[in-house]
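For reference, the structure is listed below as structure tokens.
Coordinate-derived values only; no laboratory data. Quick caveat: nothing in here was measured; it's all calculated off a predicted structure. Glycine gets a Cβ as well: all are built from the backbone with ideal geometry, and neighbour counts include every protein chain shown.
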Amino acid sequence: MFESLQEEVELIARTVETLQLIDEEEPVGLRKAAAVTEQPEHRVRTSFQILEERELIRSTKDGAVTTERTAEFIAEFDGVVESVRATVEELSTVMSQ
């Protein structure tokens, strides 16, 4: 159970890192994203797929580019992370009692 949670958090971190790269340097191809993030291409491809499914990026002949939804997602991301962090801290407090 905890292993899958850790894997999910790592996937989210990789995917957000990929999104930030695309936002800063668009258009970005798969190979460039893999090189810059130092991740294997298959992992970056998974991140691209997740981002496309959520309509945060779209593919072009020159590489991935952001969509109109990207800025809002990035702006809200820190708040979501803080909310998750608070929940984990609450859980930690409960478990230590």
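Annotations for the structure displayed:
- Compactness of segment 2-95 is given as radius of gyration and Dmax, 14.8, 51 Å, from Cα positions.
- Measuring r between the beta carbons of GLU52 and LEU91 and using R0 = 22 Å, the FRET efficiency lands at 0.10.
- The calculated FRET efficiency for PHE2 paired with ASP62, based on their beta-carbon distance and R0 = 35 Å, is about 0.30.
- Sorting PHE2, PHE73 by the number of Cβ atoms found within 10 Å of their own Cβ, with the fewest placed first, yields PHE2, PHE73.
- All-pairs Cα distance distribution in segment 11-56, expressed in whole percent, bin size 10 Å: 31, 65, 4
- Candidate membrane-span-like segments in the chain, meaning DSSP H helices with Cα atoms spread over at least 30 Å of their own axis and a Kyte-Doolittle mean of 0.0 or above, are 70-95, with no membrane implied.
- Rounded Å value of the spacing that divides the Cα centres of segment 24-40 and segment 49-65: 13 Å
- Net charge dipole, segment 2-95: roughly 420 debye, given to the nearest 20, about the Cα centre with Cβ charges of +1 for Lys and Arg and -1 for Asp and Glu.
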